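Asks: There's a structure below that I have some questions on.
The values are calculated or read from the model by the stated rules, or taken from the named source; none is laboratory data. Note that this is a predicted model, so its numbers are computed, not measured. Note that each Cβ is placed from the backbone with ideal geometry, even for glycine, and that neighbours are counted across all protein chains shown.
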Amino acid sequence: MSAAAHSVVEPTPASKRIAGAIIILYAVVSMVPLFWIIATSFKTPPDSIAYPPKLVFTPSIEGYCNLFTTRTRQTAEYIASLPPPENFCDEVTRKRNMVIAGPSNFLPRFVNSLIIAFGSTFCAVFLGTLAAYGFSRFKVPLADDLLFFILSTRMMPPIAVAIPIYLMYRELGLSDTALGMILLYTAVNVSLAVWLLKGFIDEIPREYEEAAMIDGYTRLQAFRKVVLPQATTGIAATAIFCLIFAWNEYAFAALLTSGTAQTAPPFIPTIIGEGGQDWPAVAAGTTIFLVPILVFTILLRKQLLRGITFGAVRK
Amino acid sequence: MAEIRVENLRKEFGTFTAVQNSNFVVGDGEFFVMLGPSGCGKTTTLRMIAGLELPTSGKILLGGEDVTMRRARERDIAFVFQLFALYPHMNVRKNIGFPLLTQGVSKAEIRRQVEETARLLRIDHLLDRAVSGLAGGDRQRVALGRAIVRRPKCFLMDEPLGTLDTEFRDLMVHELRELHNRIHATTVYVTHDQLEAMAMADKIAVMNHGVIEQFGTPQEIYDRPATMFVADFIGSPPMNFLPFHAGLARGSREITVLGARVAVPEVREDMAPADMALGFRPEHIRFDDASPLRGSVYGTEYLGTTQIVAVETAQGIVKARIPAEQSFQVGESVGLALNTARLSLFERGSGRAVSTALHGGGARV
């Protein structure tokens, strides 16, 4: 369908320019915090708290050094007695009268985040796709009630059930485990996944599967070879929404994880406490934390756009 | 290739009966058309033959084998859908080859068969194109290719030309029939378009409200409609009906309608007095001033070689198809002469045709 079919009045050059200006303005405003975080991550600690704030500064990766290491304060004599620094991080740490004691917990926490977010996204999308297909194609008894029940799990903020879940998890031994967090985020996301994907699968004519089944395929084969390839847009869009939720989730992570299964969101603020207010390290953690979602979203941006406008545009 | 036999087939959806007790046999290599208005049960019947719906009761035999409860993939049939159902994520070659892929056919063999099929349908130049860019007719050919590549026992087609524009439809009707003449595959074709049905079918079943009203060749259905529904559904304009109330006796050759005596084919059954109708096709009327059947011209519709003249009678409008040269004034009084040998008599209550010398009567099949 051509663009003209959607709009009766063609936009004039002037209105296009105004629309463009508004979009640019909005983009700039919303990117200021992002820019601030990234800039701060490359500042030295003194630069990061300088007033007025420095827009021009000498970039340093000290924040990143501090993010990935733990350091201990030493006397100047001890530091002078050490062999020459092996790398930039050694050097910059010694300048602050400290030595690197070992790696920090950031990397394992970041890996936890990756495992839990991607794991729960996979589970939610997998379950959601199958459930949506079932609701879309079969006569499920009480289908409308079940769908409403699934939707109703999103009618309150998830944190409203935090205390029961905390107690349940403690009893079940799921506190502070990756499995527990994957289950939790899957449970929250699966309702979104079922509803979004049902919309997409409803739009795939069932003749495709029928054709495949007549041509000698089982229903499962037809689902895999004919339905899934056509549902990729919906699956990708759903996966992004689920991933963003699971990746950003703070409240449950702070409540239910403290050690081995802790994710990055509750960990990053704890960096502040270690040896003064180390803003560059916090900013560095946040910057790295942004990367996976950024990459995932850029990879799937076309699908995401269609996911947001789904239903509005017909193929 | 195989014969299709449908016995006492019935399908209910909850309280709605989509198909009531259908019986018919499609001979090996026949082109069979199920014709009827939308919602008459023709597509449901087709889907039961395909195995996409299971019947409530009754039997379906393919080549003598009972397949009633078998899965679609175990029936060895091919189905052409109204919207083609070409897989959008595959190109033409993969679409046509898809049914072979699951049968363990070697890649080289799939390639050979796909190319042979494409040549048969004259789409071999399109094999590596995406299906989304194809024109309607070519999509139709790809859908046909996917159906015939496997050489199934029979083809089932659900209004496959329904979405094409008129001009293209005529071409595809011709192509489909030509294809059928070449490969002689048993075909069940569903349509609501009587012209398609007449042009292609060896046998037609006319369906209405889940019931097969008549089963027969296109000529039988046109010339000797078994019910008033069939008479009305087939033909453009449809058959004219003039109502009368009378009893009929075996051997009688005359009825009274519009106050005039009209000769009819010899009646072959006795009937108690009932509401009846005299049925005749527009082309079986001549204008004859001497005829006692009178009416006045209501309007004319010019069709080139012929014209349709609507005549208002005391019992409603009658349409006559006559040569285009004759001209009439609206309001002019005319006499109608009917072609005796081609007249049908119907019982209005049940709609069935009375048994006469013209046809054997309208026992529902």
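Asks: Of all the residues that make up the stretch A:176-235, how many are surrounded by fewer than 20 Cβ atoms within 10 Å (Cβ to Cβ), in contact with a Ser or Thr (Cβ under 6 Å, 6 or more places away or on another chain) and in a helix (DSSP H, G or I)?
Replies: Number satisfying all stated conditions: 1.
Asks: Condition test on residue B:314, is it aliphatic (A, V, I, L, M) and surrounded by fewer than 12 Cβ atoms within 10 Å (Cβ to Cβ)? It would help to see each step written out before you state the result.
Replies: On the way: aliphatic (A, V, I, L, M): yes; surrounded by fewer than 12 Cβ atoms within 10 Å (Cβ to Cβ): yes.
Considered against the rule, which asks whether it is aliphatic (A, V, I, L, M) and surrounded by fewer than 12 Cβ atoms within 10 Å (Cβ to Cβ), residue B:314 comes out as yes.
Asks: While we're looking at this one, here's another question. Looking at the stretch B:99-120, which of its residues are of a type outside the set (Ser, Thr, Tyr) and either away from chain A (no Cβ under 14 Å) or touching a strand residue (DSSP E or B) at 6+ places or on another chain (Cβ under 9 Å) (or both)?
Replies: Filtering the stretch B:99-120 for residues of a type outside the set (Ser, Thr, Tyr) gives B:99-101, B:103-105, B:107-116, B:118-120.
Answer for the stretch B:99-120, where residues must be of a type outside the set (Ser, Thr, Tyr) and either away from chain A (no Cβ under 14 Å) or touching a strand residue (DSSP E or B) at 6+ places or on another chain (Cβ under 9 Å) (or both): B:99, B:107, B:108, B:109, B:111, B:112, B:115, B:116, B:118, B:119, B:120.
Asks: Another question about this same structure. Could you tell me whether residue B:90 is more than 29 Å from the chain's Cα centre (by Cα), of a type outside the set (Phe, Trp, Tyr), within 14 Å of chain A (Cβ to nearest Cβ) and under 16 Å from residue A:207 (Cα atoms)? Walk me through how you get there before you give the answer.
Replies: Numbers: more than 29 Å from the chain's Cα centre (by Cα): yes; of a type outside the set (Phe, Trp, Tyr): yes; within 14 Å of chain A (Cβ to nearest Cβ): yes; under 16 Å from residue A:207 (Cα atoms): yes.
Taking the combined requirement at face value, the residue satisfies it.
Asks: When the stretch B:24-59 is examined, which residues are found to be away from chain A (no Cβ under 14 Å) and either surrounded by fewer than 18 Cβ atoms within 10 Å (Cβ to Cβ) or over 22 Å from residue B:197 (Cβ atoms) (or both)? Lay out the reasoning, then the answer.
Replies: So in the stretch B:24-59, the residues away from chain A (no Cβ under 14 Å) come out as B:24-42, B:45, B:55-59.
Of everything in the stretch B:24-59, those that are away from chain A (no Cβ under 14 Å) and either surrounded by fewer than 18 Cβ atoms within 10 Å (Cβ to Cβ) or over 22 Å from residue B:197 (Cβ atoms) (or both) turn out to be B:25, B:27, B:28, B:29, B:37, B:38, B:39, B:55, B:56, B:57, B:58, B:59.
Asks: For the stretch B:29-53, give me each residue that is of a type in the set (Asp, Glu) and over 19 Å from the mean Cα position of the chain (by Cα). Explain how you work it out, then say what you get.
Replies: We begin by selecting, within the stretch B:29-53, every residue of a type in the set (Asp, Glu); these are B:30, B:53.
Matches in the stretch B:29-53: B:53 only.
Asks: Working only within the stretch A:193-205, note down all residues that are of a type outside the set (A, V, I, L, M, F, W, C) and more than 9 Å from every other protein chain (Cβ to nearest Cβ). Don't jump to the end; show me each part of the working.
Replies: Within the stretch A:193-205, the first condition is being of a type outside the set (A, V, I, L, M, F, W, C), and the residues that meet it are A:198-199, A:202-203, A:205.
A:198, A:199, A:202, A:203, listed by residue number.
Asks: Scan the stretch B:249-287 for residues that are of a type in the set (Asp, Glu) and in contact (Cβ under 8 Å) with a residue 40 or more places away in the chain and report the count.
Replies: Of all residues in the stretch B:249-287, those of a type in the set (Asp, Glu) come to B:254, B:266, B:269-270, B:275, B:283.
Narrowing the set further to residues that are in contact (Cβ under 8 Å) with a residue 40 or more places away in the chain leaves B:266, B:269, B:275.
Result for the stretch B:249-287: 3.
Asks: Tell me the strands (runs of 3 or more DSSP E) entirely within the stretch B:203-276 that contain at least 3 residues that are more than 29 Å from residue B:24 (Cβ to Cβ) and not polar (S, T, N, Q). If you could, list the steps in order and put the result at the bottom.
Replies: Values: elements: B:203-208, B:211-216, B:240-248, B:254-257, B:260-263.
Qualifying strands (runs of 3 or more DSSP E): B:240-248, B:254-257, B:260-263.
Asks: Additional query: Do you know which residues across the stretch A:241-258 are buried (at least 23 other Cβ atoms within 10 Å of the Cβ), in contact with a Phe, Trp or Tyr (Cβ under 7 Å, 6 or more places away or on another chain) and in a helix (DSSP H, G or I)?
Replies: In the first step, residues of the stretch A:241-258 are kept if they are buried (at least 23 other Cβ atoms within 10 Å of the Cβ); the result is A:242-243, A:246-247, A:249, A:252-253, A:256-257.
Checking which are in contact with a Phe, Trp or Tyr (Cβ under 7 Å, 6 or more places away or on another chain) leaves us with A:243, A:246, A:249, A:256.
Listed by number, the residues that qualify are A:243, A:246, A:256.
Asks: Ok, one more. Taking the stretch A:213-229, which residues are among the hydrophobic types (A, V, I, L, M, F, W, C) and at the interface with another protein chain (Cβ under 7 Å from one of its Cβ atoms)?
Replies: Kept after step one, since they are among the hydrophobic types (A, V, I, L, M, F, W, C), are these residues of the stretch A:213-229: A:213-214, A:220, A:222-223, A:226-228.
Result: A:213, A:214, A:226.
Results for (1) part of a loop (DSSP other than H, G, I, E, B); (2) assigned by TED's automatic domain parsing to the domain that holds residue B:27; (3) more than 25 Å from the chain's Cα centre (by Cα), shown as yes or no for each residue.
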{"site": "B:61", "(1), (2), (3)": "no, yes, no"}
{"site": "B:70", "(1), (2), (3)": "yes, yes, yes"}
{"site": "B:125", "(1), (2), (3)": "no, yes, yes"}
{"site": "B:140", "(1), (2), (3)": "no, yes, no"}
{"site": "B:147", "(1), (2), (3)": "no, yes, no"}
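Asks: Give B:96, B:123 a once-over and let me know the one that is surrounded by 15 or more Cβ atoms within 10 Å (Cβ to Cβ), within 12 Å of chain A (Cβ to nearest Cβ) and under 17 Å from residue B:179 (Cβ atoms). Break it down stepwise before answering.
Replies: Working: B:123 fails: within 12 Å of chain A (Cβ to nearest Cβ).
The conditions single out B:96.
Asks: Moving on. Modelled with pLDDT under 90 and within 30 Å of residue A:268 (Cα to Cα), is that true of residue A:109? Break it down into steps so the answer makes sense when it comes.
Replies: Numbers: modelled with pLDDT under 90: no; within 30 Å of residue A:268 (Cα to Cα): yes.
Judged against the criteria, residue A:109 is not a match.
Asks: Any residue at all in the stretch B:187-197 that is within 21 Å of residue B:93 (Cβ to Cβ), at pLDDT 90 or above and either within 14 Å of the chain's Cα centre (by Cα) or not acidic (Asp, Glu) (or both)? Spell out how you get there, then give the answer.
Replies: Pass one, the stretch B:187-197, residues within 21 Å of residue B:93 (Cβ to Cβ): none.
No, the stretch B:187-197 contains no residue that is within 21 Å of residue B:93 (Cβ to Cβ), at pLDDT 90 or above and either within 14 Å of the chain's Cα centre (by Cα) or not acidic (Asp, Glu) (or both).
Asks: Could you list, in sequence order, the residues of the stretch B:74-85 that are in a loop (DSSP other than H, G, I, E, B) and touching a Leu at 6+ places or on another chain (Cβ under 8 Å)? Don't jump to the end; show me each part of the working.
Replies: Narrowing the stretch B:74-85 to residues in a loop (DSSP other than H, G, I, E, B): B:75-76, B:81-85.
Within the stretch B:74-85, B:75, B:76 qualify.
Asks: Working only within the stretch B:72-83, note down all residues that are under 24 Å from the mean Cα position of the chain (by Cα), surrounded by fewer than 22 Cβ atoms within 10 Å (Cβ to Cβ) and more than 7 Å from every other protein chain (Cβ to nearest Cβ).
Replies: Result: B:82, single match.
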